Amino acid sequence: MSSPANPYTNSAVNQADPVKLVEMLYSGAIRFARVAMRHITAGEIEPAHHAILRCYAIIAELMATLDFEKGGEIAKGLEQLYDFMLSRLKEADMHKQSGPLDEVLSLLVPLHGTWCESFGMARPLSVVPEASSTADISHAGREVETVGTPIGGRLNLQG
């Protein structure tokens with residue numbers, strides 16, 4: 001299925017630097033997790049499943065691009081967080097429960113904020129934490145830029 005916005009998204013992905021690509025991945029994962037929560041709440045099983053799969057694919061991409069040589073302990077910590085998020089997404093999908101999605105959001109939103117803050121990027125209003133989706137995580141310093149670079153163009157970030 002194609003969307004008129006896809007050429008613009010593909011262009012943005014192809015032209016973005018690695019820092020911006022990671023920001024786009026975080027934004028997409030947050031968006032799809034929230035979409036899945038809305039569908040679960042509405043009892044819409046199939047759309048919830050597809051939104052969870054999109055979120056899962058994005059987090060798997062973030063995990064696959066970690067650079068353990070450059071990122072060291074930060075990359076190892078992110079790998080553990082991403083692995084936990086993937087397991088919670090599986091749980092949400094199997095049982096069609098929003099609780100695990102809220103847990104994933106409670107990690108993604110601050111990670112996204114930390115990423116943006118670390119690189120002086122403005123955080124888009126669409127991914128500002130909601131009351132039920134916040135968590136305090138420590139800002140692991142500014143070394144986050146060495147964590148890795150995503151492989152652009154493999155994911156469709158459009159909803």
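Tell me whether the stretch 130-141 contains one or more residues that are within 14 Å of Tyr26 (Cβ to Cβ) and at pLDDT 50 or above. Can you show your working first?
As a first pass, look at the stretch 130-141 and keep what is within 14 Å of Tyr26 (Cβ to Cβ): 133, 137.
Those still in the list that are at pLDDT 50 or above too: none.
The answer is no, given that none of the residues of the stretch 130-141 is within 14 Å of Tyr26 (Cβ to Cβ) and at pLDDT 50 or above.
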Identify all residues within the stretch 17-57 that are buried (at least 23 other Cβ atoms within 10 Å of the Cβ) and of a type in the set (Gly, Ala, Ser); write none if there are none.
Gly28, Ala29, Ala33, Ala36, Ala48, Ala51
Would you be able to tell me the number of residues in the stretch 53-100 that are in contact with a Leu (Cβ under 7 Å, 6 or more places away or on another chain) and within 24 Å of Lys20 (Cα to Cα)?
15
Is there a residue being among the hydroxyl-bearing types (Ser, Thr, Tyr), touching a residue at least 24 places away in the same chain (Cβ under 8 Å) and surrounded by 18 or more Cβ atoms within 10 Å (Cβ to Cβ) anywhere in the stretch 73-91?
no
Quick count over the stretch 62-71, residues being surrounded by fewer than 16 Cβ atoms within 10 Å (Cβ to Cβ) and in contact (Cβ under 8 Å) with a residue 12 or more places away in the chain, is 3
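The values are calculated or read from the model by the stated rules, or taken from the named source; none is laboratory data. In this text the structure is predicted, and so the values were computed from the model without any measurement. Counting neighbours? That spans all protein chains shown, and the Cβs are built from the backbone with ideal geometry, glycine included.
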